[in-house]
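Working notes, structure below.
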Amino acid sequence: MITFLSQPWPWYVSGPAIALILAILLFSGKTFGFSANLSNICSMMGLGKRIDYFKFDWKKQQWNLLFLAGSVIGGYIAAHYLQSNQPISLSKSTIEDLKKMNIPFDGNMEPASIFNWSYLFTGRGLLLFLGGGFLIGFGTRYAGGCTSGHAISGLSALQLPSLIAVIGFFIGGLFTTFILFPFIFK
Amino acid sequence: MKPIKYILTGILFGIIMTKSEAVSWYRIQEMFRFQSIFMYGIIGTAVISGVILVAVIKRFRLKDTDGLPIQFSKKDKRWKKYLIGGSIFGMGWALTGACPGPIFVLLGQGYTVMLMVIAGALAGTILYGALRNRLPQ
């Protein structure tokens, strides 16, 4: 079983598996929306006293924070016990494009040359991690959801606003990839 | 509320996110460069499965485990916030290669630099909360 799960998963297995998470949460009377946790954490820190947006009873959202805690544990379990030794099957053209920006493909899920603390304390590292994180927090709260809330939950319920949000995700992602990256990694 | 149920569902989510490679910075670059079907296949089959799931729930008026009908709240129709907010998030998604869920999954995998992404995300959340009434919705 462990060996079976440890192989790289084809996309047509992963997609329905994500829908399974949606099913479990819907049948529990909840919704699947991860970025709501960013507001939940702020409310938990007592920011509701100063900013109305965070003035709500975060304890009612405790289930989602537990889900978040579980996702950290799940990441640990998968990385330590369910890893395959094969490099990820990244497309050749992506490998070429990244090479031109001096980002080598090392076969891991994250480029080891970027995802480390010494890189973080470079201008690029701060922009990528701190700047990227800032845009994620600001943007998901502004749009009222992220990939789980809009792309999965919203599109599954055929919500037009979610489609607009997903189009936005791509406008932003393409802007970073084709305009910012050549500039940052030149 | 059974806490263990949500922790276990979260664990399952963390494993699925890792094994699907949707947490991979490389995969997100490959997606935004339209160089493989991989991420589109994941999102596409997730949404197709989800559409069927939601349709079945609505058609048979299925109830949750507490016996309450499963409701789908309609999202409000103003479109600016979805487009502007979505674009801002998309920029961050491509920079970090992670959306909010994967940020925490990667932390669990041992990428402690994600703490910086979390700090940034919380700062962004707080600033949005403070500026909300002044932004176009």
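Among the criteria (1) closer than 30 Å to residue A:126 by Cα; (2) open to solvent by 60 Å² or more (accessible area, probe 1.4 Å), the one residue B:90 does not fulfil is (2). For the stretch B:39-67, a tally of residues being open to solvent by less than 30 Å² (accessible area, probe 1.4 Å) and farther than 22 Å from residue B:22 by Cβ returns 2. Hey, any hits in the stretch B:68-86 for a residue that's open to solvent by 10 Å² or more (accessible area, probe 1.4 Å) and in contact with a strand residue (DSSP E or B) (Cβ under 7 Å, 6 or more places away or on another chain)? Yes: the stretch B:68-86 contains one or more residues that are open to solvent by 10 Å² or more (accessible area, probe 1.4 Å) and in contact with a strand residue (DSSP E or B) (Cβ under 7 Å, 6 or more places away or on another chain). Filtering the stretch B:23-57 to residues that are facing chain A (nearest Cβ under 7 Å) and among the small types (Gly, Ala, Ser) leaves B:24, B:36, B:41, B:44, B:46, B:49, B:50. In the set (1) part of a helix (DSSP H, G or I); (2) among the charged types (D, E, K, R); (3) within 16 Å of the chain's Cα centre (by Cα), residue A:99 fails one condition alone, (3).
For the stretch B:64-73, the condition of being more than 7 Å from every other protein chain (Cβ to nearest Cβ), free of Cβ contacts under 8 Å to residues at least 12 places away in the same chain and among the charged types (D, E, K, R) holds for none of the residues.
When you scan the stretch A:132-142, do you find a residue that is open to solvent by 30 Å² or more (accessible area, probe 1.4 Å), more than 29 Å from residue B:8 (Cβ to Cβ) and not assigned by TED's automatic domain parsing to the domain that holds residue A:35, even just one? Steps first, please.
From the stretch A:132-142, those open to solvent by 30 Å² or more (accessible area, probe 1.4 Å) are A:134-135; that's our starting set.
Okay, now just the ones that are also more than 29 Å from residue B:8 (Cβ to Cβ), so A:134-135.
Of the ones still in play, those that are also not assigned by TED's automatic domain parsing to the domain that holds residue A:35 are A:134-135.
Within the stretch A:132-142, one or more residues are open to solvent by 30 Å² or more (accessible area, probe 1.4 Å), more than 29 Å from residue B:8 (Cβ to Cβ) and not assigned by TED's automatic domain parsing to the domain that holds residue A:35.
Scanning the stretch B:108-135 for residues that are under 30 Å from residue A:79 (Cα atoms) and open to solvent by less than 40 Å² (accessible area, probe 1.4 Å) gives B:108, B:109, B:113, B:114, B:117, B:118, B:120, B:121, B:122, B:124, B:125. Examine the stretch A:136-154 for a residue that is within 20 Å of residue A:10 (Cα to Cα) and more than 16 Å from the chain's Cα centre (by Cα), and state whether such a residue exists. No, the stretch A:136-154 has no match at all. For residue A:155, state whether it is surrounded by fewer than 24 Cβ atoms within 10 Å (Cβ to Cβ) and more than 7 Å from chain B (Cβ to nearest Cβ). The answer is no for residue A:155.
Tell me which helices (runs of 4 or more DSSP H) are completely within the stretch A:115-186 and hold 2 or more residues being of a type in the set (A, V, I, L, M), or say none if there are none. Even if it seems obvious, please write down each step before you answer.
On the way: elements: A:117-120, A:132-143, A:160-175, A:181-184.
Of the helices (runs of 4 or more DSSP H) lying wholly inside the stretch A:115-186, those with at least 2 residues that are of a type in the set (A, V, I, L, M) span A:132-143, A:160-175.
The values are calculated or read from the model by the stated rules, or taken from the named source; none is laboratory data. What you see is a predicted model, and the numbers here were worked out from it, not measured in a lab. Ideal geometry is used to build each Cβ from the backbone, glycine not excepted, and the neighbour counts take in all protein chains shown. Areas reflect the complete protein model, heavy atoms only, side chains present, ligands, DNA and RNA absent. Shrake-Rupley method; radii C 1.70, N 1.55, O 1.52, S 1.80 Å.
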